[in-house]
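**Q** Please see the structure below; I have some questions.
The values are calculated or read from the model by the stated rules, or taken from the named source; none is laboratory data. Since the model is a prediction, treat every value here as computed from it, not as a measurement. With ideal geometry, Cβ positions are generated from the backbone for all residues, glycine too; neighbour counts draw on all protein chains shown. Side chains included, ligands, DNA and RNA excluded: accessible areas come from the protein's heavy atoms. Shrake-Rupley method; radii C 1.70, N 1.55, O 1.52, S 1.80 Å.
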Amino acid sequence: MTEPITVDLNIQNGAIIIRSVNNFDPIDTPFFPDPPSLVKGSEGLAVIHAGGKGRVRVTLLLDTPETGSDNSNWEESEETIFSVVDQDLFLDGSDGELSAPFRLSRTGRYAIRVSATGRRRYFDSYTNADEEPRIHLELRIWPVANAL
């Protein structure tokens, strides 16, 4: 298990994209989760619907399955599978910045559990950069068995 990464992102379109540091290609609409869904995984990326825009706090936990975790602090959670061909990823808030780069332990399939507080209450709201984030997301990512 690595140390948690906590970062405040400037979310432009209500979404956070986990993608390779070598991929800045535009993402088509079918890859985004439909609200009220939190997360949608696919090959090479995972897209999280943060709910709000502007400043959002994100805590990233790698190689940490949810087993034994306390989900009582979170208002909602959702889990999915995505796959990666590049171990070096980052959080993309659609502002053009390579935020919170991180490295996974291997390529292949991963589970991601997204937990949120403030998302329902502040859905479609905007938090200015000088304000305390109203939405906090926790992203837990861990490897799962590759399909045979």
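**Q** For the stretch 84-107, give me each residue that is of a type in the set (S, T, N, Q) and either in contact (Cβ under 8 Å) with a residue 60 or more places away in the chain or at positive phi (or both). Show your work before the answer.
**A** Pass one, the stretch 84-107, residues of a type in the set (S, T, N, Q): 87, 94, 99, 105, 107.
Of everything in the stretch 84-107, those that are of a type in the set (S, T, N, Q) and either in contact (Cβ under 8 Å) with a residue 60 or more places away in the chain or at positive phi (or both) turn out to be Ser94, Ser99.
**Q** Taking the stretch 108-121, which residues are of a type in the set (Val, Ile, Thr) and within 11 Å of the chain's Cα centre (by Cα)?
**A** Our first condition is that a residue be of a type in the set (Val, Ile, Thr); within the stretch 108-121, this holds for 112, 114, 117.
Once the filter is applied, which keeps residues that are of a type in the set (Val, Ile, Thr) and within 11 Å of the chain's Cα centre (by Cα), the stretch 108-121 yields Ile112, Val114.
**Q** When you check Ser105 against the structure, is it under 20 Å from Thr29 (Cα atoms) and over 12 Å from the mean Cα position of the chain (by Cα), yes or no?
**A** In short, no.
**Q** Is it the case that some residue within the stretch 69-85 is in contact with a Gly (Cβ under 8 Å, 6 or more places away or on another chain), farther than 29 Å from Asn128 by Cα and not in a strand (DSSP E or B)?
**A** yes
**Q** For the stretch 9-22, enumerate the residues that are under 15 Å from Ser94 (Cβ atoms) and open to solvent by 40 Å² or more (accessible area, probe 1.4 Å).
**A** Across the stretch 9-22, the qualifying residues are Asn10, Gln12, Asn13.
**Q** With (1) of a type in the set (Ser, Thr, Tyr); (2) open to solvent by 20 Å² or more (accessible area, probe 1.4 Å); (3) within 25 Å of Asn146 (Cβ to Cβ) as the list, and Ser72 as the residue in question, which single condition is left unmet?
**A** (3) is the only condition that Ser72 fails.
**Q** Only residues that are outside any loop (DSSP other than H, G, I, E, B) and open to solvent by 70 Å² or more (accessible area, probe 1.4 Å): list them for the stretch 90-147, please. Break it down into steps so the answer makes sense when it comes.
**A** Just the residues of the stretch 90-147 that are outside any loop (DSSP other than H, G, I, E, B), to begin with: 90-92, 99-103, 108-117, 126-127, 136-143.
Correct list: Pro101, Arg103, Arg109, Tyr126.
**Q** Return the residues of the stretch 43-66 that are among the polar types (S, T, N, Q) and modelled with pLDDT under 95; say none if nothing qualifies. Let's see the steps before the verdict.
**A** Taking the stretch 43-66 and keeping what is among the polar types (S, T, N, Q), we get 59, 64.
The one that is among the polar types (S, T, N, Q) and modelled with pLDDT under 95: Thr64.
**Q** So Gly54 fits all but one of (1) within 23 Å of Arg106 (Cα to Cα); (2) assigned to a strand (DSSP E or B); what number is the exception?
**A** Gly54 satisfies every listed condition except (1).
**Q** Same structure again: Out of Asn13, Asn73, report the one residue that is within 14 Å of His136 (Cβ to Cβ), out of contact with any Leu (no Cβ under 8 Å at 6 or more places or on another chain) and either without any contact (Cβ under 8 Å) to a residue 12 or more places away in the chain or not acidic (Asp, Glu) (or both).
**A** Every option except Asn73 fails the conditions.
**Q** Within the stretch 31-51, can you find the residues that are open to solvent by less than 90 Å² (accessible area, probe 1.4 Å) and more than 14 Å from the chain's Cα centre (by Cα)? I'd like the intermediate steps shown before the answer.
**A** Here is the first cut: in the stretch 31-51, the residues open to solvent by less than 90 Å² (accessible area, probe 1.4 Å) are 31-33, 35, 37-42, 44-51.
Residue satisfying the conditions is Pro35 alone.
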